[in-house]
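As structure tokens, the structure follows; a few thoughts come after it.
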Amino acid sequence: MPLWALTEGTREQVRSAMDRGFAYLRGTQTAEGNWSDKRFPGLSALALWAMARAPRPENSEAATKAEAYILSCAQPDGGLYVPIPGRRGGGLGNYNTCLCMTALHAAGGKTRNTEVLLAARAYIASTQIETEGLHEGGFGYDKTSPRAYTDLNNTFYALDAMRLTQDVEESRPAEQKRVDINWEAAKKYVLSMQEQEGEAAGSFVYNREVPRGGVSTLRSHGSMTYAGLLSMLHCQLSREDPKVRSTCQWLGAHWTLKENAGQGNQGLYFYYEILARALSAAGIDRLPLEDGSTVDWREALAKELLARQQADGAWRNESNRFWEGDPALSTSYALLALTFVLE
């Protein structure tokens, strides 16, 4: 057994907690196959993704319904979203498409929904900003926006989806050119979000836009720094790269599971999920802390999530910032995090 493996007692508790979490999701799925706001299929995609990563026979019907709902959101431009004219950010085409294509791929879409995934990849590639300047190489909410806009969160989702579904390109018809993003430009954009000096060195910020007539209040925090770490890995920077090492050092100095470091309860369950994914991808089993000790993040995260699960099997965030007051969303994030804890 690997040194980092969960203790058997914790492992059994995690499996039981996941069973109850999935039961909650099955019981709250609509007849149409979605969870949460029907206009944003990415929310349901997170639940499908968790089910795909932790297969259970009892989830098969719910997963099939979720897949059908997501496919019903396919648009003529290849995106997987619902148009919302007049809404700032529109239908969040990038965010929703990235999560939907990732979930479909994990659920077996490479063979079952090949054309949909190929079209989604082309859609995401078309949303990358090419204009020189602050936004070059990054991604925003909606390519139809009247002005250039990007942020690290949308960019992370795009890099994540394109890297995790890249094997689908093997199925693209020979007469079609294979689709990909400009990874060099994306890497440059990602690194522009990393702080270089002072106590914040190694951490990542959401974006670098300064609001008209004001000063940006966006600061580096935990979830964006884990997203930055995973983005650097997707851009094929090695663990030994000084920029990656700097980020890991900041994360060790700000290790906590009691909050989204620097954000309190805001985005807490996304923080848990991206923490688990990033540290797993980096091959970090024990994270070095500032005092010279290390933490077994899998065991620690498992125990934190076990303590936070509620009697009905769901997880809930008292802060509704980033929509986490919705138990279906927080529960999906928690279940995804636990699938990486069990790896």
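Side notes on the structure shown:
Yes or no, residue by residue, for (1) aliphatic (A, V, I, L, M); (2) crowded, with 24+ Cβ neighbours inside 10 Å; (3) on the phi > 0 side of the Ramachandran plot:
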| position | (1), (2), (3) |
| --- | --- |
| LEU71 | yes, no, no |
| GLY78 | no, no, yes |
| ILE84 | yes, no, no |
| ALA107 | yes, no, no |
| THR131 | no, no, no |
| GLU136 | no, no, no |
| TYR141 | no, no, no |
| GLN166 | no, no, no |
| PRO173 | no, no, no |
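- Checking each residue in segment 299-327 for being open to solvent by 10 Å² or more (accessible area, probe 1.4 Å) and in a helix (DSSP H, G or I) picks out GLU299, ALA300, LYS303, GLU304, LEU306, ALA307, ARG308, ARG321, PHE322, TRP323, PRO327.
- Check on ARG277, surrounded by fewer than 16 Cβ atoms within 10 Å (Cβ to Cβ) and farther than 21 Å from ALA200 by Cα: no
- On inspection, SER203 does not qualify as touching a Ser or Thr at 6+ places or on another chain (Cβ under 9 Å), at pLDDT below 95, among the hydroxyl-bearing types (Ser, Thr, Tyr) and open to solvent by less than 50 Å² (accessible area, probe 1.4 Å).
- TRP49 being part of a helix (DSSP H, G or I), open to solvent by less than 70 Å² (accessible area, probe 1.4 Å) and of a type in the set (Phe, Trp, Tyr): yes
- Test: residue in segment 210-232 that is over 28 Å from ARG321 (Cα atoms), more than 19 Å from the chain's Cα centre (by Cα) and open to solvent by 10 Å² or more (accessible area, probe 1.4 Å): no
- The listed residue being crowded, with 18+ Cβ neighbours inside 10 Å, without any contact (Cβ under 8 Å) to a residue 60 or more places away in the chain and touching a Gly at 6+ places or on another chain (Cβ under 6 Å), out of THR127, THR150, THR97, THR155: THR150
- The selection criterion, being of a type outside the set (A, V, I, L, M, F, W, C) and either in contact (Cβ under 8 Å) with a residue 12 or more places away in the chain or within 23 Å of PRO83 (Cβ to Cβ) (or both), does not hold for LYS177.
- Filtering segment 64-95 to residues that are outside any loop (DSSP other than H, G, I, E, B) and within 22 Å of ILE129 (Cβ to Cβ) leaves LEU80, GLY93, ASN94, TYR95.
- Listed by first and then second residue, the pairs with beta-carbon distance under 7 Å, at least 6 apart or on different chains, first residue in segment 272-299 and at positive phi, second in a loop (DSSP other than H, G, I, E, B) and open to solvent by 30 Å² or more (accessible area, probe 1.4 Å), are GLY283/ARG239.
- If the condition is being farther than 25 Å from SER319 by Cβ, open to solvent by less than 60 Å² (accessible area, probe 1.4 Å) and in contact (Cβ under 8 Å) with a residue 40 or more places away in the chain, then segment 248-269 contributes only CYS248.
The values are calculated or read from the model by the stated rules, or taken from the named source; none is laboratory data. All values derive from a computational prediction rather than experimental measurement. All Cβ positions, glycine included, derive from the backbone under ideal geometry; neighbour counts span all protein chains shown. Heads up: the accessible areas ignore ligands, DNA and RNA and are worked out on the full protein's heavy atoms, side chains in. Shrake-Rupley method; radii C 1.70, N 1.55, O 1.52, S 1.80 Å.
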